[in-house]
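One structure is given below, encoded as structure tokens.
The values are calculated or read from the model by the stated rules, or taken from the named source; none is laboratory data. Being a predicted model, the structure only gives us computed values, none of them experimental. Positions of Cβ are backbone-derived with ideal geometry, glycine not excepted, and every protein chain shown enters the neighbour counts. The accessibility values were calculated without ligands, DNA or RNA, using every heavy atom of the protein model including side chains. Shrake-Rupley method; radii C 1.70, N 1.55, O 1.52, S 1.80 Å.
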Amino acid sequence: MALRELKVCLLGDTGVGKSSIVWRFVEDSFDPNINPTIGASFMTKTVQYQNELHKFLIWDTAGQERDSFQTLKNWVKELRQHGPPNIVVAIAGNKCDLIDAREVLEKDAKDYADSIHAIFVETSAKNAININEVFIEISRRIPVVEAAGGTSGKGFKLGRQASESRRTCC
Ligand code: GDP
């Protein structure tokens, strides 16, 4: 079974739950007293997607305290200007378990995500809601790789998109 490495970088303000999302995905656990990320941390997890193994290489970054929805938009601008062309963007609206503390309407977030062709999922790292689904959606959006030329298995070309990008961000 082919193994593909998918590079994921989590971006967002401090406290939105980036590290908790990674912990839930990789360890299937939640630590309410999780230590703040200093600099960046790195974890991996390999999952099967269709007839491939997808190894997620996940960089969790330290953010700053600001307005999380505005910060998201700033990151998307940065990625559009300086990121690779075929980057997959996934937006996790985390802490959806805190129903009474909602700050961003689901419709506003969804409309924004649609406008930039991003994945949008409301998640809860605490209650394990939709965490795996974010990564499954990323797997789904990653361009298909087809073996090219002969049976050596060493050459690859992309199926649906012109150039290869396995970088993603959420
Ligand atoms: P980061 O700074 O973005 O990496 O955020 P953390 O993962 O450190 O989480 C910040 C705080 O939010 C911690 O106290 C977490 O326990 C809490 N938290 C993270 N995810 C959730 C969630 O889905 N629901 C709730 N209620 N709290 C969460």
Per the filter on the stretch 1-46, residues part of a helix (DSSP H, G or I), open to solvent by 40 Å² or more (accessible area, probe 1.4 Å) and without any contact (Cβ under 8 Å) to a residue 60 or more places away in the chain are 27
Worksheet item: surrounded by fewer than 19 Cβ atoms within 10 Å (Cβ to Cβ), without any contact (Cβ under 8 Å) to a residue 24 or more places away in the chain and more than 16 Å from the ligand (Cβ to nearest atom): does that describe residue 114?
Response: yes
Scanning the stretch 24-42 residue by residue, those modelled with pLDDT of 95 or more and either more than 8 Å from the ligand (Cβ to nearest atom) or closer than 16 Å to residue 134 by Cα (or both) turn out to be 24, 25, 26, 27, 28, 29
Filtering the stretch 74-106 for residues that are near the ligand (Cβ under 10 Å from one of its atoms), aliphatic (A, V, I, L, M) and open to solvent by less than 40 Å² (accessible area, probe 1.4 Å) leaves a count of 1
query: Can we say residue 53 is over 30 Å from residue 111 (Cβ atoms), loosely packed, with under 15 Cβ neighbours inside 10 Å and of a type in the set (A, V, I, L, M)?
result: yes
Subset of the stretch 53-73, residues within 14 Å of the ligand (Cβ to nearest atom) and of a type in the set (A, V, I, L, M), comes to 58, 62, 72
